[in-house]
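Some notes on the structure that comes next.
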Amino acid sequence: MSPGSDILAENPEGLALLPGLAGWPRARRNIVRYVFLHPAARDVLVSWRRMAEDCVAHLRTVAPGETAAIVAELRAASPDFARCGAITTSAPRAARSAPSSTRVWAGSS
């Protein structure tokens, strides 16, 4: 996996863990994209909300040049991603997450 969560290699067993991912072109296979944009993700992931929060926290730790495209795509396509909090592409952040009392989620888990 790349620092930006692009899936660089896979096998049939791994693809079976994320139903529907195999139907995406290889260039679009990204764990964060799957979590926020694939309809099956909410059914497959036991705690979708926690995974979504972890994905956003991870993106905050990666150099902006490696995440700018995925962040822009998800801001435009996923209301849940947009509500996760500001992710800027100007400077990397240290690994941290906001206290749970400050997170805002309107979507279901």
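The values are calculated or read from the model by the stated rules, or taken from the named source; none is laboratory data. Just so we're clear, the structure is a prediction, and the values are computed from it rather than from any experiment. Glycine gets a Cβ as well: all are built from the backbone with ideal geometry, and neighbour counts include every protein chain shown.
Points to keep in mind about this one:
- Positions within the stretch 39-64 being over 18 Å from L18 (Cα atoms) and hydroxyl-bearing (S, T, Y), in sequence order: T61
Condition check ((1) farther than 20 Å from L45 by Cα; (2) surrounded by fewer than 16 Cβ atoms within 10 Å (Cβ to Cβ); (3) at pLDDT 90 or above) across all residues:
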residue	(1), (2), (3)
A57	no, no, yes
E73	yes, no, yes
A76	yes, yes, yes
S90	yes, yes, no
R93	yes, yes, no
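- Taken over the stretch 29-81, the residue count meeting the criterion of being touching a residue at least 60 places away in the same chain (Cβ under 8 Å), of a type in the set (A, V, I, L, M) and closer than 22 Å to L15 by Cβ is 1.
- Filtering the stretch 22-46 to residues that are touching a Gly at 6+ places or on another chain (Cβ under 9 Å) and surrounded by 12 or more Cβ atoms within 10 Å (Cβ to Cβ) leaves N30, V32, Y34, H38, A40, A41, R42, V44.
- Positions within the stretch 54-69 being within 11 Å of P3 (Cα to Cα) and within 9 Å of the chain's Cα centre (by Cα), in sequence order: H58, L59
- Only a single criterion out of (1) part of a loop (DSSP other than H, G, I, E, B); (2) surrounded by fewer than 17 Cβ atoms within 10 Å (Cβ to Cβ); (3) not β-branched (V, I, T) is not satisfied by G4, namely (2).
- Against the list (1) among the charged types (D, E, K, R); (2) exposed (fewer than 13 other Cβ atoms within 10 Å of the Cβ); (3) at pLDDT 95 or above, the condition R50 fails is (3).
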